[in-house]
Every structure is written in C-alpha cells, then in structure tokens.
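Following: one structure in structure tokens, then a few remarks.
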Amino acid sequence: MIRPVRYRDLAAIGSIHRVSHAIRDEWQTGAAPRAWPSTHGTLLSSMLPARTVHTYVSEEGGQIYGFLQIRPRPSRDKWDIIRLVATVDRPADVWTKLLEFACVAVGNRGAGKLFANVQDDADELQIFRRIGFYRFTAERSLSLALPGSAPFPPLPSNLRPAESRDSFALLQLYASIAPRNVQQAEGVTARDWALPTSRLAGLLNRVGLAQDSPQTVWNFVAEEGGHLFGWFRLRRLDGRARLTFLLRPDKRDRMPDLCSFLIGAARAIQPGGLSVSVRDYQQELIPVFTDAGFEDDGCYLLLVKHIAVQVMERRLAPVLTRA
C-alpha cells in the first residue's frame, strides 16, 4: 500500500534514509529538500493551493519499505520527482511501485508532465524508462565552495534585477536558445518566468506552501539596446546557492564577467557553496565555470513523462423554449 506520509512515520523514514544513503539505495535530484513531512492533508493545505513537497510511503504489513517525494512547479501543471528511497532487499520493486503511484497522483491533480533528472550511469535509469520516462536533454552539474560571506557586489553595467514585465521577453529568449524538442518537453510559458512578488510569498514560503519568495530567489537579466540576452537566477536552498541561467550564444564573451558577479552575489546571499547545471546545448560555457574554480559533479539526464489527464466530456443538451 502506498499512502501519504504521517508524522508517526518519521522515525522509520529516518532509519530507511540513513541505511539506504550509506549503501546508495537512494535516488535524489540535486535539489532535494531536507524536510520529509509535507503539509498534504492538513487544514491549511486544503485551503490554499498545494505548493509544498509531497511525501508518500510504501507500506506492507505495517512496515515501511520506502518513500517518494514529489513537488509541483510554480505553474502547477508540471511536477518534479525529487527523491526515491527504498530498503536494501528489493529496491527496484519499491521504486517501480512508488513511481507508478506518482504518475497517477500527479495526474489526479491535473498535471500533464512529470520530470526527473537521473545520473547518466545510474542503475535506476532503466526503471524510469520502463515506466515511460524519456530523455529530452542532459546537463553537467558543477559546484564551487564559498567559504565566508562578503558584501553584495555592484551590478555590472549590462545587468539589472528582473522585473515582472520581463516575463514575455524571457520566454522569447528561452525559445531562441533551447532546442525545439526541449521546448516541447518542458512546455514553458510566460507564467513560468513570473517573479514571486506577492506580499504573502515570504510567509507562505516559511510555512512550506510556496517554493520561492523574494528572500530566497534573486533574478537578474542582461540587457543591451533594450533587448535581453541573458537571464540568471540564484536560489537559496539547503545551505547552498543554486544558479540557473540562459545566455545567447553570440554573447558568450560576456560570461566571465557575469560569472564573477554571480559568484560574489552567491557568497553574499548564501555562504557555503554554489552549484550550477549547464545543459548540453550550452556546454561551451563549461570552461568559464571550471576556470572560475567549479568542480565537476557528474552528468545528469533530464527525463519527462507525459501524463494522461482526465477531462470532462462536453455535450450539448436540448433546451425547451416557449414560442
């Protein structure tokens, strides 16, 4: 049986996590959260849109054999699998059941796509493929240690904080850089570039009902002649800063200076470390990061599964009217 996690499950989940992590019977993305319990099923989450991490456990005979964590993206019609953990005796069977359950669960919530990123040589890659996930691109994960904090550096002349009005321009920038198959797999819209500007975003983030807030995410755009040629997002997560970016190929020469600023900003925002994932269609920028001191953490395949969503059939019914 697979069911939502309960607070009384935390001791068993912690034990499974320690054992599986020690012998590598755990799969997780680079952005896995620390906290296992979700607010699924509580009064607060039933009143507000669910934006937190959802955790489900696999239980048989009163014993927990594994758990799964999934999380919606801001657009809510796309979800990410962020962690799979199973016991040592039959991890493949537990992973398969949990993944199949995740596909049904997100479909019932109206999601059309489920994403995961898996290391290119991982054994569990075959399990994802059997269930219907397919690769749409790959990325190289890099990390840099950032000991000590520093004041926020001055912005370069061609860089400014992103604004709400930039959403459509960023969508056009993404469309000009990402290959067509990546665009089709991700289904990005202008809403995906929206900034967390709500006054309640900070409160919702602290209670686990929103992923981002102005205190956890910093967005910058590079602009020249009124046109955007780059976008950079720094997100504070689990004691580290994470960088996501887009850069037009003809502006590669600007990246070293921009990278220096981003490293300084990350040190001011979240001392400890900075990680970045460089997708294969922007792999020519990897030397910029390695020259800045980043270390290679491996290659990951980005996978997606399309979920069939049930919709109500519309029918015309005759209506009697008086002549």
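Read-outs throughout are calculated quantities, based only on the coordinates presented, and are distinct from any laboratory measurement. In this text the structure is predicted, and so the values were computed from the model without any measurement.
Going Cα to Cα from LYS97, which lysines come in below 19 Å? Please leave out same-chain ones fewer than 8 positions away.
Excluding near neighbours in sequence, the set is LYS113, LYS305.
Can you list residues whose amide H is under 5 Å from ALA162's amide H, if they're 5+ apart or on another chain and H is modeled 1.01 Å from N?
Amide H neighbours of ALA162, under 5 Å, 5+ apart: ASN219, PHE220, VAL221.
Over what distance in Å are the Cα centres of region 101-122 and region 218-263 separated?
That distance is 28 Å.
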